[in-house]
Amino acid sequence: RSAHPHGLSDNHFDSIFTTKKPVIFAFHGVPHLVEKLVYKRRGRNFYVKGYEEQGSISTAFDMTVMNKMDRFHLVIDVCNKIEHQLFDKLSNETKYAAVYLRQEMESMLLMHKKIIDTNGVDMEEISGWKWDIEDSKKK
């Protein structure tokens with residue numbers, strides 16, 4: 001807050017972003033901008049992902065894959081945090097689910113790579129995906 005009048009106090013910031021658990025921050029910009037904002041905060045638990053120039057032209061989703069900002073990489077990041085940082089604190093069911101989920105996400109990335117290299121378009125799971133608003137209202 002001392003650096004900017006609209007900034008959050010350390011206590012307010014810590015109440016939103018815990019100091020005890022890892023935070024994966026997916027930023028649709030250059031990662032160092034967020035890293036600069038959280039650098040002097042108490043928690044050193046931020047893992048910031050963002051845009052890194054890859055020097056190619058592709059689909060929008062493929063660009064997120066190249067930058068490891070897509071849904072598959074973000075789920076893999078969470079699974080890795082479970083395995084390497086939170087392992088002792090979680091149930092066996094959660095640990096095993098994280099391992100299998102990571103394998104499934106890695107398979108999806110391989111399928112994506114094959115389809116994008118062969119056809120130059122996103123796989124149906126991406127291009128055909130729609131948010132089912134009616135279904136989400138029922139839950």
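The values are calculated or read from the model by the stated rules, or taken from the named source; none is laboratory data. Just so you know, these numbers come straight off a predicted model, no measurement behind them. So basically every Cβ, Gly included, is an ideal-geometry build from the backbone, and we count neighbours across all protein chains shown. Side chains included, ligands, DNA and RNA excluded: accessible areas come from the protein's heavy atoms. Shrake-Rupley method; radii C 1.70, N 1.55, O 1.52, S 1.80 Å.
Close amide H contacts of Val48 (hydrogens built in the peptide plane, cut-off under 5 Å, sequence separation of 5 or more or a different chain): Phe25. Straight-line cross-link reach from Lys21 at under 18 Å between alpha-carbon atoms covers these aspartates and glutamates, not counting any fewer than eight positions away in the same chain: Asp10, Glu35, Asp77, Glu83, Asp88.
Of interest is the spacing of the C-alpha centroids, which for region 26-73 and region 75-112 amounts to 20 Å. Among the listed pairs Lys20/Lys113; Lys20/Lys114; Lys20/Lys68, those whose Cα-Cα separation exceeds 31 Å are Lys20/Lys113; Lys20/Lys114. Placing +1 on the Cβ of every Lys and Arg and -1 on the Cβ of every Asp and Glu, with nothing else charged, gives the chain a dipole about its Cα centre of roughly 820 debye. Within region 8-66, what whole-number % of the accessible surface is contributed by carbon and sulfur, with the 1.4 Å probe and all protein chains included in the calculation? In region 8-66, the share of accessible area belonging to carbon and sulfur is 58 percent. Remark on Val30: its backbone amide H falls under 5 Å from those of Tyr51, a criterion applied only to residues 5 or more positions apart or on other chains, H modelled at 1.01 Å from N. In this simple spin-label model, placing a label point 7 Å from the Cα along the Cα-to-Cβ direction at both Trp131 and Lys114 gives a separation of 3.1 nm. Each residue of region 107-112 was assigned a 3J(HN,Hα) from its phi angle through the Karplus curve 6.51 cos²θ - 1.76 cosθ + 1.60 (θ = phi - 60°); the sequence is 5, 5, 5, 5, 5, 4 Hz, with glycine and proline shown as x. Note on Glu93/Arg71: beta-carbon distance plugged into 1/(1 + (r/R0)^6) with R0 of 30 Å gives a FRET efficiency of 0.85. Excluding ligands, DNA and RNA, the accessible surface per residue across region 1-92 is 70 Å² with a 1.4 Å probe.
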